[in-house]
1. Filtering the range A:189-203 down to residues that are within 7 Å of chain F (Cβ to nearest Cβ) and buried (at least 22 other Cβ atoms within 10 Å of the Cβ), which residue is nearest to A:Asn224 (Cα to Cα)?
2. Give the residue, chosen from E:Lys87, E:Lys43, E:Lys53, that is more than 29 Å from E:Cys181 (Cβ to Cβ) and out of contact with any His (no Cβ under 9 Å at 6 or more places or on another chain).
3. Select from the range D:58-69 the residues that are open to solvent by less than 30 Å² (accessible area, probe 1.4 Å) and farther than 26 Å from D:Met192 by Cα and write down the one among them that is modelled with the lowest pLDDT.
4. Of the numbered conditions (1) farther than 30 Å from E:Asn224 by Cα; (2) modelled with pLDDT under 95; (3) not aromatic (Phe, Trp, Tyr), E:Met1 satisfies every one except a single condition; which is it?
5. Taking A:Pro243 and the conditions (1) more than 14 Å from chain F (Cβ to nearest Cβ); (2) in contact (Cβ under 8 Å) with a residue 60 or more places away in the chain, which numbered condition does it fall short on, given that it satisfies the others?
6. Does B:Ala135 satisfy the condition of being out of contact with any helix residue (DSSP H, G or I) (no Cβ under 9 Å at 6 or more places or on another chain), crowded, with 24+ Cβ neighbours inside 10 Å and of a type outside the set (Asp, Glu)?
7. With the condition kept exactly as written, say whether any residue in the range C:227-241 is within 30 Å of C:Leu111 (Cβ to Cβ), surrounded by 15 or more Cβ atoms within 10 Å (Cβ to Cβ), more than 17 Å from the chain's Cα centre (by Cα) and among the hydrophobic types (A, V, I, L, M, F, W, C).
8. Conditions first: (1) touching an Asp or Glu at 6+ places or on another chain (Cβ under 7 Å); (2) touching a residue at least 40 places away in the same chain (Cβ under 8 Å). C:Thr138 passes all but one, so which condition is the exception?
6 protein chains.
Amino acid sequence: MMAVTNLKRIDGRSMDEMRVVKITRNYLKYAEGSVLIEIGNTKVICAATVEEKVPPFMKGTGEGWITAEYSLLPRSTQTRNIREAAKGKITGRTHEIQRLIGRAMRSVVDLKALGERTIWLDCDVLQADGGTRTAAITGAFIAMVDAVNTIYKQDKAFPVRDFLAAISVGVIGSETALDLCYEEDSHAAVDMNLVMTGSGTFVEVQGTGEKSDFSRQQLNEMLNYGEKGIHALIDYQKDILGPLAWKVGREP
Amino acid sequence: MMAVTNLKRIDGRSMDEMRVVKITRNYLKYAEGSVLIEIGNTKVICAATVEEKVPPFMKGTGEGWITAEYSLLPRSTQTRNIREAAKGKITGRTHEIQRLIGRAMRSVVDLKALGERTIWLDCDVLQADGGTRTAAITGAFIAMVDAVNTIYKQDKAFPVRDFLAAISVGVIGSETALDLCYEEDSHAAVDMNLVMTGSGTFVEVQGTGEKSDFSRQQLNEMLNYGEKGIHALIDYQKDILGPLAWKVGREP
Amino acid sequence: MMAVTNLKRIDGRSMDEMRVVKITRNYLKYAEGSVLIEIGNTKVICAATVEEKVPPFMKGTGEGWITAEYSLLPRSTQTRNIREAAKGKITGRTHEIQRLIGRAMRSVVDLKALGERTIWLDCDVLQADGGTRTAAITGAFIAMVDAVNTIYKQDKAFPVRDFLAAISVGVIGSETALDLCYEEDSHAAVDMNLVMTGSGTFVEVQGTGEKSDFSRQQLNEMLNYGEKGIHALIDYQKDILGPLAWKVGREP
Amino acid sequence: MMAVTNLKRIDGRSMDEMRVVKITRNYLKYAEGSVLIEIGNTKVICAATVEEKVPPFMKGTGEGWITAEYSLLPRSTQTRNIREAAKGKITGRTHEIQRLIGRAMRSVVDLKALGERTIWLDCDVLQADGGTRTAAITGAFIAMVDAVNTIYKQDKAFPVRDFLAAISVGVIGSETALDLCYEEDSHAAVDMNLVMTGSGTFVEVQGTGEKSDFSRQQLNEMLNYGEKGIHALIDYQKDILGPLAWKVGREP
Amino acid sequence: MMAVTNLKRIDGRSMDEMRVVKITRNYLKYAEGSVLIEIGNTKVICAATVEEKVPPFMKGTGEGWITAEYSLLPRSTQTRNIREAAKGKITGRTHEIQRLIGRAMRSVVDLKALGERTIWLDCDVLQADGGTRTAAITGAFIAMVDAVNTIYKQDKAFPVRDFLAAISVGVIGSETALDLCYEEDSHAAVDMNLVMTGSGTFVEVQGTGEKSDFSRQQLNEMLNYGEKGIHALIDYQKDILGPLAWKVGREP
Amino acid sequence: MMAVTNLKRIDGRSMDEMRVVKITRNYLKYAEGSVLIEIGNTKVICAATVEEKVPPFMKGTGEGWITAEYSLLPRSTQTRNIREAAKGKITGRTHEIQRLIGRAMRSVVDLKALGERTIWLDCDVLQADGGTRTAAITGAFIAMVDAVNTIYKQDKAFPVRDFLAAISVGVIGSETALDLCYEEDSHAAVDMNLVMTGSGTFVEVQGTGEKSDFSRQQLNEMLNYGEKGIHALIDYQKDILGPLAWKVGREP
């Protein structure tokens, strides 16, 4: 990665540099867990709710469920986007993001240990400057740990088994870049979202040749950048959680 | 109003005392005008968007339009409320509030001076502790003035003609109270929302006997309290707007 | 009110004069209670249905529920209005009116005495010449009393505790006027709907500065006119109900 | 038909006898044409609206269009039926009836002579005691003639070319019966709706073996009864229209 | 029918001649019964599903239910038709056809013998060249018999009591024609669909004067042609079912 | 890959072996391009439609658009799945798949060379035994080439620039496997879909740890298997297209 460090991006970052990340824990008064996560100008509120029941298809299994909802505030974006409530239906993009967040969260939770309850993760974007879905995953993880902790009973396995964070990576022109802001994203040739665990394994790899296809070698370089970014995010998550970080992955 | 001052409320306020109000102007990066308004624990983001067209029924009239949308974040409330986008329809309560905000805003705007454009006012409640609709009106007014200012041309009439703020007032037990918080509101016998102008006239008077009907005398006392509260809110709005406050009501 | 009596309106009425009111009881064959109410050219069918169950949120409380639905026939209006069934959704105006009617009806009913059942009040406007929502309330009250009577058991409290009627009042130009017809309503500066009980107390006060704001003094004059109109309507309701009028408010 | 005359039905009619029919012309104040049609206890308001445009698929053809909407008031029926507006969608039954009415009306109208305008026929059932769709057709025809007359210019072809009426006929037990009331209809083995012109030709023949299939001979007897009933209805329509009846079918 | 045989149609058939019919039984791997039915270029997949429950209105009656769904693939037609899923609602035409198929199927099934279960009949049109609804009925019958057979217990009455098939017939110009293809159908003066049983009785007679009304004599000729066509279809159904044909109508 | 060849799967294939693939070109009579693609028991009809207009956001750009729709027939699956038209909305899964197909197709088309027209790709699944979305992409490519050819003018660039195919690959237990059938897919630890071009570059890489996360090494092995499978599919596509294969990628 040495070769690229003297290349600069529109916001002055080097190619493998993330934007400043800030997580404000317990941002909302009523939710069982909540954060405001800011990654550069991207700002997302993630709220976790514990509901003492599961969807019909899980009833009687003894297992819990994790589900996510995602929404853009109308003026989170440069031009106003129409509310999905006003349209009366959820767009394909929102569906896709909601499914991604929910699936990612479930991958690090022991649903049996959670018991027959649902964790709702509401991710509402106040300001969108690229990377809202990955910010939502990284922030929702903290809110989920706090929410799970409200129902956790000493001496049991803690239902959250591992850390989880996400980052975007892409190809701009022919250069690989980490953590794309909106302007970069809208011109990127390739756009990839990675979700990884604290153990360094993959949960989701979603790469799309938006403006051009990409080679196996480019794919590898994107994975390298992404691994580096996620490592840093998980370090920060541990910091933010403080003593609670030690419960993640705890055995009974 | 002297007689009631030694009665205390659940949060220690006297009967005719408002909660602490704080308005953060230019809260969002992209909107033409935006605020975060906090009234006690109630927090609402109000964003104003200027759109260079009008709805079909206004086309060709030479006049502009003001419209509002309102939404609760799922965990703005004590128990999670289901997203209207997920339900696929807007509830009656939301419709009612949106119509109220839009009507109130239009009452102080010279639609002719605005020209054929629409101002969208998006009011998104981050935290709901009573009085969200009146907070939305008081905050949206500031966002609207900022948005209108982006299109204002020197030497013309400023399209916003007067100040506008709103407050709730009610009867708890048999006592009149100003600015109800959620717990008070849920037990109130009577609930009233008032919208008034900087000139001290009424724009909306909406009183409902939630748990009991009310006398003409009680109605009068509620109006007295409300007038006092709105006076204070408009003073604060002028403060927040600073020099821009002088444009409100300016003739060509 | 003397000063205004020599002012005349478009239909020849004096400022504080209502239009002719006519209620035809038992208008429909199948409903438990029903009326056709005519106020001038405004005609509304109000039908009351008794259903032996309550909505989910009331189950097991031992209390009943009252709910209302309101609809305009497509050619009740001067130009055809599109059916909400065809649009696939209910407009904000309809939602607002339905909520108002339901809330008003519940304010004079002892839900405990009603028992776990629902009274549906269907208000369908055949012809709309102003004041349809207040006509609906005044008419639905009669339908509701008849429906409640079909389930009433001697020696119990009669679930309807008080009379209830509604009227509109407004400011046309700068003159206060009672019971606005459509043409007046569409030019009114201020529009107010009042719902009051047989005891002379308020249940709803909804005043809107449609075209201009209004002073406290104008508000007071509107309340004076409205009180007078509602008094007359309740007298007429008692007449229509005949001996059944005596049951309203009856203690066990 | 001699053999059946001494058989009596639940309402005392003979097998080939229709219920009493009454059409009140110009029932609504605002519509271009309107009737209240009563057939026994079945009551339907039919309103005709002239709109000076056509649906997209007819634009530029120089021809007009006729379309119908049908709705049951919630308490037109013995037990309350849920509003389609509340359900957010139109049922299959309503769709079927609306299509039938529209198709039937178009069959006697010269769409070219009508010019590029739409006639909306709104059929709202106040009380449903069987035969609402056929009553709607018979009544809507009168409303349509009145509406067409408001745009008719002397010396042109009158766009309505022929009379049109409809009736139901069925098999109860094994007996053929004309004009079924609700109770008969709900027990009928076979149910048939016929729409015919003033010239005695068929526009629609819709026979359904609801509870049992039927033979060719039974089909023929139903057709005989229906022809008789429609003949009587068209005589009555001519009566109701008075001098306007002479315009139907007029050549330029 | 002699007189018409030397008249030829666009595809060379004589007026009372059907197109080639081909039914492929067990077309799908998972369904309890399924066919691909081809009538000329019209191709419909009919799948029967047995579900071990009934709709709410049938619960506890001890009887079963038969219901049908119908859909056109977007490119089954000459120009692409928009998916109903994309529109978010089912068209009137589809509703009408679904109701027709369901009603027709129920007419030959002993719902008591079926027991409390539902047979779903899914009719998906791959290619539409006229007569899709009648092809769907004729094909769905076979799929239904196969599905019913999977739950049939020896020595009981077989729930399907009689054969059932359907055909279209019409008037082109002034000539009666059997089994209209799309091009004929789109120019037909009269269009009629007939559903008949193996016993030669009628289940549905639906004749519509699309472009002109029709006389009693024309109606009779259409019925003659239709009876002939359905007779041939039922012969073919028996052939296709082979030994299973003997179970249809079997008594306990 | 040597090591795994003596491991056998439930259908007897070796780990890196695809199921039998069969593409029937011109399967539908009316579409501009269409295929039935069969991969094992998975069967999908792909139909391409050329529409001479573009969606609003593309108007006036001189460029064309490619869009896809995907649907499961109700009995394409082991248990009946409810139609999205009946539900009134499209599920998240369908949205995701439709977006994937459309994006993939656009990646190999020169939208400028296509001109202002839309290619609709309708993918309807007759039978679903795993890999329906990748089968849809592989089949839709052929339908698209045929459709584009109907509008192609000699001596221009052929708008389709490269071949395109897709395949699924996954981890079952701890073994990598190519082209998962439904039963394998429902037990897979990891599931990945790959879309690649004839040049061997990636268009989409979508890997999901369904039941467990995966290492970088496992990711690499999945990519190896997938590359092999797609190579074989593109060879077959060239075979099927015959002489038309030479036009793909042709310069003006």
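The values are calculated or read from the model by the stated rules, or taken from the named source; none is laboratory data. Only a predicted model underlies this, so the values are computations on that prediction, with no experimental measurement involved. So basically every Cβ, Gly included, is an ideal-geometry build from the backbone, and we count neighbours across all protein chains shown. Areas reflect the complete protein model, heavy atoms only, side chains present, ligands, DNA and RNA absent. Shrake-Rupley method; radii C 1.70, N 1.55, O 1.52, S 1.80 Å.
1. At the first step, the residues of the range A:189-203 found to be within 7 Å of chain F (Cβ to nearest Cβ) are A:197, A:201-203.
The next check asks that each one be buried (at least 22 other Cβ atoms within 10 Å of the Cβ); those that pass are A:202-203.
Values: A:Phe202: 12, A:Val203: 15 Å.
So, considering only residues that are within 7 Å of chain F (Cβ to nearest Cβ) and buried (at least 22 other Cβ atoms within 10 Å of the Cβ), the one nearest to A:Asn224 (Cα to Cα) is A:Phe202.
2. E:Lys53
3. We begin by selecting, within the range D:58-69, every residue open to solvent by less than 30 Å² (accessible area, probe 1.4 Å); these are D:58, D:64, D:66, D:68-69.
Okay, now just the ones that are also farther than 26 Å from D:Met192 by Cα, so D:58, D:64.
Values: D:Met58: 93, D:Gly64: 97.
Result: D:Met58.
4. Only one criterion is unmet by E:Met1, namely (1).
5. So the condition that A:Pro243 fails would be (2).
6. Values: out of contact with any helix residue (DSSP H, G or I) (no Cβ under 9 Å at 6 or more places or on another chain): yes; crowded, with 24+ Cβ neighbours inside 10 Å: yes; of a type outside the set (Asp, Glu): yes.
For B:Ala135, the condition - out of contact with any helix residue (DSSP H, G or I) (no Cβ under 9 Å at 6 or more places or on another chain), crowded, with 24+ Cβ neighbours inside 10 Å and of a type outside the set (Asp, Glu) - is met.
7. No, there is no match, as no residue in the range C:227-241 is within 30 Å of C:Leu111 (Cβ to Cβ), surrounded by 15 or more Cβ atoms within 10 Å (Cβ to Cβ), more than 17 Å from the chain's Cα centre (by Cα) and among the hydrophobic types (A, V, I, L, M, F, W, C).
8. (1)
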